1. Any idea which residue in region 35-44 is nearest to MET159 (Cα to Cα), counting only those that are surrounded by 24 or more Cβ atoms within 10 Å (Cβ to Cβ) and modelled with pLDDT of 95 or more?
2. Show the residue pairs meeting these rules: Cβ distance below 8 Å; 6+ apart or different chains; first residue within region 54-65 and more than 17 Å from LYS95 (Cα to Cα); second residue modelled with pLDDT under 90 and surrounded by fewer than 16 Cβ atoms within 10 Å (Cβ to Cβ).
3. Within region 200-210, identify whether any single residue is surrounded by fewer than 16 Cβ atoms within 10 Å (Cβ to Cβ), among the basic types (Lys, Arg) and more than 22 Å from LEU176 (Cβ to Cβ), and answer yes or no.
4. If a residue has to be touching a strand residue (DSSP E or B) at 6+ places or on another chain (Cβ under 7 Å), modelled with pLDDT of 90 or more and among the charged types (D, E, K, R) to count, how many in region 164-223 make the cut?
5. Consider region 5-38. How many of its residues are farther than 13 Å from ILE73 by Cα and in a loop (DSSP other than H, G, I, E, B)?
6. Tell me yes or no: at least one residue of region 242-254 is farther than 30 Å from SER38 by Cα and either more than 18 Å from the chain's Cα centre (by Cα) or assigned to a loop (DSSP other than H, G, I, E, B) (or both).
7. Could you tell me whether region 59-82 includes any residue that is farther than 23 Å from ARG158 by Cα and touching a Cys at 6+ places or on another chain (Cβ under 7 Å)?
8. From the list LEU98, LEU161, LEU56, which one is assigned to a loop (DSSP other than H, G, I, E, B), within 19 Å of ASN26 (Cα to Cα) and touching a helix residue (DSSP H, G or I) at 6+ places or on another chain (Cβ under 7 Å)?
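The values are calculated or read from the model by the stated rules, or taken from the named source; none is laboratory data. Values in this document were obtained by computation on a predicted structure and should not be read as measured data. Note that each Cβ is placed from the backbone with ideal geometry, even for glycine, and that neighbours are counted across all protein chains shown.
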Amino acid sequence: MHKVKIGLVSFDSLGDSLIYLMMAENLRLNGFDVTFYSDIANQLRAWLPQLQIMPLPISADLDAELEVYDLAIVSPPQCVREKLSDETLNVIRKKWVLICHKAPDSWKYDHTQRLKARLSPEILEQLGALPRCGGAIRYRRFEHENIVDIALHYMRERMGLKQVVKNVAVTVPEHLQYRRYIKRIIVSPDSAWPEKKDWPASSFLQLCRLLRKRGYSPVIVVAPRNHVIWVAKANNEFEVPMFNDIGGLAAYIYESGALIANDSGNGLLPHSLVFRLSRFTGNATGTFTGARVGGKSPWSRQS
């Protein structure tokens, strides 16, 4: 039996990349030959040997890159969205299944008839609902579900995947030791929408002082674009390490005792990669729930 080839393209942000990484793993578990395009995931490929992971092609090469697949599922990267006129949208939505967390209805397109002309009935049957699953991952009203749960609902109900799992299994590099630094607590105060979700900086600093008082060694980890800001805020009171790639960040989290994160990609990382690390994420009210994601990742290649 021909194994259906799918190209899955992620948006650039850390949080989005981890959601689409989960989607790639679920497509693989459902028998598809999936290649996942993500600059973020490409930095973690040593942790994910079961997946075919490639860096995002430049915008000009994307069309040719995806032509080899039976179906392309694309959350348009920033380099594509910057040029996304109504005319361009009308072209690409007829070539690729377009998805996004909150995509407009204009992204929807049923590819069934188009694919009938180029694929065998066997392949089309295996694709199931995938040719018509485009549009918003948040495809209906949800009450209390976090983005991970919403994505699982979407994969089950809109993509028609029979086997759906929340976590992506990883192969941890041999030189790493789980929770080697048990007293090191990572505090990650930033997020993609700080005006909506972040605690004030003073609250995070107060939390760090409380942790230190209780015998822990808190460190502050933020996105590279916020590093200088938080070095100043910490004022030599707490360490603020800098990470140039997600692989280094994942290793640091894996060897730490716990992660206290705002509603951000940093908080989603151990959750997505099946770290058993203690993890607390939340919003500015202090309600510790799941994670919402968005925005362009500072670790992405600049187009």
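1. Looking at residues that are surrounded by 24 or more Cβ atoms within 10 Å (Cβ to Cβ) and modelled with pLDDT of 95 or more, I get PHE36.
2. PRO55/ARG301; LEU56/ARG301; ILE58/SER303
3. The answer is yes; a qualifying residue exists.
4. Counting residues in region 164-223 that are touching a strand residue (DSSP E or B) at 6+ places or on another chain (Cβ under 7 Å), modelled with pLDDT of 90 or more and among the charged types (D, E, K, R) gives 4.
5. Total meeting the criteria: 4.
6. Scanning region 242-254 turns up no residue that is farther than 30 Å from SER38 by Cα and either more than 18 Å from the chain's Cα centre (by Cα) or assigned to a loop (DSSP other than H, G, I, E, B) (or both).
7. yes
8. After ruling out the rest, the residue left standing is LEU161.
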